[in-house]
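Student: Handing you a structure now.
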Protein chains: 2
Amino acid sequence: MDLEASFTRCFDGLAAIDGGTTTPGTGWNRFAWTEEDLAARAWFRAEAALLDLSVSDDRNGNLWAWWGWPAPAAVVTGSHLDTVPAGGAFDGALGLVSALVAVAALRHRGVRPRRPLAVVAFADEEGARFNTPTFGSRLLTGSLDPATVLARRDGDGVTISEAVTQADVDPLELGADPEALARIGVFVELHVEQGRGLADLDAPVALATGIWPHGRWRLTLDGAANHAGTTGLADRRDPMLVAAAAVEAARAAARTNDAIATVGRLRVEPNSANAIPSRVDAWLDARAPDAERLDRLVATWRRAVEDAAAEHGVEVAVEGESRTAGADFDGGLRERMGATLQREGIGYAELPTGAGHDAGILSAHVPAGMLFVRNPTGVSHSPFERAEISDCVTGVRALAAVLEDLLCA
Amino acid sequence: MDLEASFTRCFDGLAAIDGGTTTPGTGWNRFAWTEEDLAARAWFRAEAALLDLSVSDDRNGNLWAWWGWPAPAAVVTGSHLDTVPAGGAFDGALGLVSALVAVAALRHRGVRPRRPLAVVAFADEEGARFNTPTFGSRLLTGSLDPATVLARRDGDGVTISEAVTQADVDPLELGADPEALARIGVFVELHVEQGRGLADLDAPVALATGIWPHGRWRLTLDGAANHAGTTGLADRRDPMLVAAAAVEAARAAARTNDAIATVGRLRVEPNSANAIPSRVDAWLDARAPDAERLDRLVATWRRAVEDAAAEHGVEVAVEGESRTAGADFDGGLRERMGATLQREGIGYAELPTGAGHDAGILSAHVPAGMLFVRNPTGVSHSPFERAEISDCVTGVRALAAVLEDLLCA
């Protein structure tokens, strides 16, 4: 079986849905429950049908393609179909395409599983539309209470409740799904790496060691709107100056804590070139190797922001918007995956990541692991995200070997 | 004649058009040629009619209300009807209301002018909709070539050409209007002060000495979009850090040049909390007592921005969007206005301003002067802009005395 040809055919089908090609351009915009997402779900059903897999939705809108009869303790692999705004072609897509091609390869070489396998496409992993990342996996595992988010609206005022209904998911049925969870004996997610770890280490794939704790904080800075041309410096209460200090303090606090921090979103009011802003909102995204360093980073940042606010007569409020505890992937599973890769002669590295994944959510409930595929530039969440076809094929080989080992042991 | 009652009635009529009351709230949004602006223009025509003034439009959409037959070398006073986004009730409006009430007062006390007088409402002084400040006065004086701006679009994609057509102004007729200019023998604009100069000096009104040179520069910072959770600090090219440096450098350069500078507008792409921005645009508004200090300020700022961009691997471009030379108001006229105020027993100060005004545009062509009315907080371009009624009445008395002197000498 020509893995490269199978991979390319399958991958191009998904990439064609939004954005048109895998050439970097304006990016992919497949947000949960939209027309583009529904087209991707139809693509998934069609690809599964080509492999004689039987597809079913669960109560939370996750899609399952089964090889064998659905039963407890199955081997499960998969990822997600949705993207961030102007996202890349690989994030999520690579894991699903690789899973489908790996299943095709196992079938092609006559593997006879001792337990069922499912390829799962988790719903709304990025959370771009409703600010609800890992929506499908958190609902399934009971770690997200649907009542707390059903009324959230997208930029057009559509609620989650309305959006899922349009996708034939009953909002009243959303929530913990212990039967579905019990069917997952082990979960393996393949994902394009989102940094330059593998490029620097010169390896095609990695086993993930864990996910860093992560949080998002919203900073609200209230100053006083005023005329930019007539208000003396001493009479200003300019929140933009405090926002600038917050951007710089985030970088400094990340550096001293061996962590990462980003201010990627700002809202300025009234955002007029000749007016001192009345208010600036800024969002801090911070991730660190452990919870202590994350706390220290945020505390240091906050003190710096409060000092700047006091200096400029600006009122400051900091609100935690989200916080995830991070995850350590199952050590036994990782060892077993590593042994399989060695047997196959696939060189690999081990890396942590700062990004959240459905595998991280599941890892609190079942043995879970991740395979990363090298990203030559490290660019992700961008139309310029990419992976070499040879590395993608190595990823498929690695995933197929890991699945075969788990299915047949 | 009860000046306070006349003033209040007239002022409240204009304030009611957009925003509803003179109580600070969400602010006034009267942008050129919109429904709100047309309503304000109708208000102006109606108030002029109450005073038996004859109203006519000129080719550039400026409205003229004449006491006496339109003729060269008239005494002209006025201001503008449009506002900035979420603007205050006084900016522009105070000058027009005070002009109308002053004319009423002169008529009431039987003044017999020796030359005609006009109250003028200049079109689109703020330039909020099309980024074309002092549109009407610059067209009239020939200092703005309409061909360079007719295709500019507002936020909804409407061009200036389309917008003026909707207000019954022929876009092909826009441009230098030497006949209209020749009718202006002298121009006096009353305006709410936009800083705390009079509040600090404890005077109700001021004569303007001049307008500071002023410019606007657009800064474009191109970095690399990337995942906020997985990209190491060393692998980032984050334009937000350079924008932060630009905000702080603007303040520092203003301080060392006894000038003012503001970054009030930013545009962040993709502006997502979990993405390193690909690009940030920032606008610098800077004003200084003289051209040399303004140049020095911008050069210092630019060097600081370029240093930060080099440090962070970000590409930087700086583009001058507008520059005005500033203005020194006619010394003879100012002396004469001062003598009149002294005769009337009205205490006054003399102040420069960093704000542009139609009077500044006209000052290059005819003797022009300005009266400022005390602003107790200095807040302007904001719903919280205000002036005490007693100071507004003093402003009307001052303007009436100045106009009487100019009309009857």
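The values are calculated or read from the model by the stated rules, or taken from the named source; none is laboratory data. All figures in this text were calculated on a predicted structure; none of them were measured in a lab. Counting neighbours? That spans all protein chains shown, and the Cβs are built from the backbone with ideal geometry, glycine included. Just so you know, the surface numbers come from the protein's heavy atoms only, side chains and all, with ligands and any DNA or RNA stripped out. Shrake-Rupley method; radii C 1.70, N 1.55, O 1.52, S 1.80 Å.
Student: Condition check: part of a loop (DSSP other than H, G, I, E, B) and either touching a strand residue (DSSP E or B) at 6+ places or on another chain (Cβ under 8 Å) or assigned by TED's automatic domain parsing to the domain that holds B:Ala249 (or both). Does B:Ala299 satisfy that?
Tutor: no
Student: Quick check on my filter: what residues within region B:198-223 are surrounded by fewer than 22 Cβ atoms within 10 Å (Cβ to Cβ) and either more than 21 Å from B:Ile361 (Cα to Cα) or over 23 Å from the mean Cα position of the chain (by Cα) (or both)?
Tutor: B:Ala199, B:Asp200, B:Leu201, B:Asp202, B:Ala203, B:Arg218, B:Thr220, B:Asp222
Student: What are the pairs, 6+ residues apart or on separate chains, where a residue within region A:278-293 that is under 30 Å from B:Thr26 (Cα atoms) has its Cβ under 6 Å from a residue that is among the small types (Gly, Ala, Ser)?
Tutor: A:Ser278/A:Ala225; A:Val280/A:Ala243; A:Ala282/A:Ala243; A:Ala282/A:Ala246; A:Trp283/B:Ala273; A:Leu284/A:Ala250
Student: For B:Asn60, are the conditions met, namely being of a type in the set (S, T, N, Q) and open to solvent by 40 Å² or more (accessible area, probe 1.4 Å)?
Tutor: Values: of a type in the set (S, T, N, Q): yes; open to solvent by 40 Å² or more (accessible area, probe 1.4 Å): no.
Spelling it out, it is not the case that B:Asn60 is of a type in the set (S, T, N, Q) and open to solvent by 40 Å² or more (accessible area, probe 1.4 Å).
Student: For region B:320-409, give me every one of the helices (runs of 4 or more DSSP H) that falls completely inside it and has 1 or more residues that are within 14 Å of chain A (Cβ to nearest Cβ) and closer than 28 Å to A:Asp238 by Cβ.
Tutor: Those helices (runs of 4 or more DSSP H) span B:358-362.
Student: With the condition kept exactly as written, say whether any residue in region A:314-333 is over 30 Å from A:Phe187 (Cβ atoms) and among the aromatic types (Phe, Trp, Tyr).
Tutor: no
Student: Right, here's the next one. Assess whether B:Phe135 counts as being under 21 Å from B:His365 (Cα atoms), of a type in the set (Phe, Trp, Tyr) and out of contact with any helix residue (DSSP H, G or I) (no Cβ under 7 Å at 6 or more places or on another chain).
Tutor: Yes.
Student: Just to confirm my filter: which strands (runs of 3 or more DSSP E) fall fully inside region B:171-286 and include at least 1 residues that are at the interface with chain A (Cβ under 8 Å from one of its Cβ atoms) and small (Gly, Ala, Ser)? Spell out the reasoning first.
Tutor: Working: elements: B:184-192, B:205-211, B:214-222, B:260-269.
Fully inside region B:171-286 and qualifying: B:260-269.
Student: Let me ask something additional. If the requirement is being touching a His at 6+ places or on another chain (Cβ under 9 Å) and at pLDDT 95 or above, which of these qualifies: B:Asp307, B:Asp330, B:Asp285, B:Asp295?
Tutor: B:Asp285
Student: Any idea which residue in region B:388-409 is surrounded by the fewest Cβ atoms within 10 Å (Cβ to Cβ), counting only those that are of a type in the set (A, V, I, L, M) and within 15 Å of B:Phe7 (Cβ to Cβ)?
Tutor: Of everything passing the filter in region B:388-409, B:Ile389 is surrounded by the fewest Cβ atoms within 10 Å (Cβ to Cβ).
Student: So, A:Asp154, is that one of a type in the set (D, E, K, R) and under 16 Å from A:Leu38 (Cβ atoms) or not?
Tutor: Judged against the criteria, A:Asp154 is a match.
Student: Then there is this: Given the conditions (1) under 23 Å from A:Ala273 (Cα atoms); (2) open to solvent by 10 Å² or more (accessible area, probe 1.4 Å); (3) of a type in the set (Asp, Glu), report the number of the one that B:Asp124 does not fulfil.
Tutor: Result: B:Asp124 fails condition (2) only.
Student: Moving to a separate point now. Residues to consider are B:His381, B:His357; find the one that is touching a His at 6+ places or on another chain (Cβ under 6 Å), touching a residue at least 24 places away in the same chain (Cβ under 8 Å) and within 27 Å of B:Pro133 (Cα to Cα).
Tutor: Matching residue, one of B:His381, B:His357: B:His381.
Table: residues versus (1) in contact with an Asp or Glu (Cβ under 9 Å, 6 or more places away or on another chain); (2) of a type in the set (Asp, Glu); (3) buried (at least 21 other Cβ atoms within 10 Å of the Cβ).
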site: B:Ala16; (1), (2), (3): no, no, no
site: B:Ala40; (1), (2), (3): yes, no, yes
site: B:Ala46; (1), (2), (3): no, no, no
site: B:Asp52; (1), (2), (3): no, yes, no
site: B:Pro70; (1), (2), (3): no, no, no
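Student: Additional query: Got a sec? Which of B:Glu344, B:Glu319, B:Glu335 is open to solvent by 80 Å² or more (accessible area, probe 1.4 Å), acidic (Asp, Glu), within 27 Å of B:Ala291 (Cα to Cα) and not assigned by TED's automatic domain parsing to the domain that holds B:Ala291?
Tutor: The conditions single out B:Glu335.
Student: State yes or no: is A:Ala151 in the same structural domain as A:Val103 (by TED's automatic domain parsing), assigned to a loop (DSSP other than H, G, I, E, B) and open to solvent by 30 Å² or more (accessible area, probe 1.4 Å)?
Tutor: Judged against the criteria, A:Ala151 is a match.
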